[in-house]
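Data first, discussion second: the structure below is written as structure tokens.
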Amino acid sequence: MTKVSISRQIRQVTKGSPKRLNWRGGSSLKCHEFVIYFHYYGIMKNIDAVQSFLALGQESRLNIFRLIVQKGADGVTPSEIKENLGIPAATLSFHLKELYQANLILVERQSRNLIYRPHAEQVTSLMDFLLFNCCGGQSCASKENSSNTAGAQQ
């Protein structure tokens, strides 16, 4: 179902009696259920995904982001990042700014230190954006398992 047909159905639902939106796989949603579904699952806009991918499209930034994600809620200071990755302070500051502007990380000041943490909601939204309707709505696990077992039998 295309975006145009979904928006056309939404317009029809809001004009008259509560109709149901047809969905792949034969299921259907009422208009308010449709809106709640997309709000709940946080499907991000393309422009937000593009900004995130642009920020992660540079090797140093990707390494910085991965380190921050590995540290999780405990966070990491710029000096720890510098020690682990060997990135000069001025370059590190630029990369952290880019990741922050892409909304991939959060920064908190604790006394004299800045603590960088992953922005969990944004990271989850990015993963959901990538995997939304993956494999045509079918489970990818069954395909992986069958290809792994077929490879092992050869």
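Below is a table of values for the structure above.
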read-out: Every pair of residues 6+ apart whose Cβ atoms lie under 8 Å, when the first sits in region 107-122 and is among the acidic types (Asp, Glu) while the second is not in a helix (DSSP H, G or I); value: Glu108/Gly75; Glu108/Leu114; Glu108/Ile115; Glu108/Arg117; Glu121/Gly42
read-out: Scope region 105-141; condition of a type outside the set (D, E, K, R), more than 18 Å from the chain's Cα centre (by Cα) and part of a loop (DSSP other than H, G, I, E, B); matching residues; value: Ser111, Gln138, Ser139
read-out: Residue count for region 58-88, restricted to those that are small (Gly, Ala, Ser) and surrounded by 11 or more Cβ atoms within 10 Å (Cβ to Cβ); value: 4
read-out: Residue under evaluation Lys71, criteria (1) at pLDDT below 75; (2) charged (D, E, K, R); (3) within 18 Å of Glu121 (Cα to Cα), criterion not met; value: (1)
read-out: Which listed residue, of Leu85, Leu92, Leu54, Leu21, is over 23 Å from Arg112 (Cα atoms), modelled with pLDDT of 90 or more and not polar (S, T, N, Q); value: Leu54
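The values are calculated or read from the model by the stated rules, or taken from the named source; none is laboratory data. Remember, predicted model here, so these are calculated numbers, not experimental data. Heads up, the Cβs are rebuilt from the backbone with ideal geometry, glycines too, and the neighbour counts pull from every protein chain shown.
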